[in-house]
1. Evaluate the stretch 51-58: report whether one residue or more is polar (S, T, N, Q), part of a loop (DSSP other than H, G, I, E, B), modelled with pLDDT under 90 and surrounded by 10 or more Cβ atoms within 10 Å (Cβ to Cβ).
2. Is it the case, given these coordinates, that Phe46 is modelled with pLDDT under 80, farther than 27 Å from Ala12 by Cβ and of a type in the set (A, V, I, L, M, F, W, C)?
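The values are calculated or read from the model by the stated rules, or taken from the named source; none is laboratory data. A quick note: this is a predicted structure, and the numbers were derived from the prediction, not measured. With ideal geometry, Cβ positions are generated from the backbone for all residues, glycine too; neighbour counts draw on all protein chains shown.
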Amino acid sequence: MRIPETLTDRRANVMEEQLRNWFKEVKKHLNEEKEFEILSCPNRLFNCDEAAFQLCPNGKVIAPRGKRNVYDLVKSFDKESLTVSIMVHADCAVSPPIIAFLSSRLS
């Protein structure tokens, strides 16, 4: 018995080419804005990690032994959670944590 990771259709259907194009667009944008030198400024480079606390916990499923990832496709509103993000800059400074609460999407 395992607790599956919830995954929306949109996230489940992303392709490698879409991810590569996203990075190309970011690089192009940084070049256009003459901000590509950002990569040489340690206080402007950071690593971010987040932890999500599910507000709609899901049940367990049966999965093959040794399977690394187990997913459960859900509607996007079934994934409501409270998210906490921590950022550490390349110069070892730690930013205050960010807490993301529930919100409404604007149309």
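1. Filtering the stretch 51-58 for residues polar (S, T, N, Q) gives 54, 58.
Next, only the ones that are part of a loop (DSSP other than H, G, I, E, B) stay: 58.
Cutting the leftovers down to modelled with pLDDT under 90 gives us 58.
Checking the rest, the ones that are also surrounded by 10 or more Cβ atoms within 10 Å (Cβ to Cβ) come to 58.
Looking for residues that are polar (S, T, N, Q), part of a loop (DSSP other than H, G, I, E, B), modelled with pLDDT under 90 and surrounded by 10 or more Cβ atoms within 10 Å (Cβ to Cβ), one finds at least one in the stretch 51-58, hence yes.
2. When the stated conditions are applied, Phe46 does not pass them.
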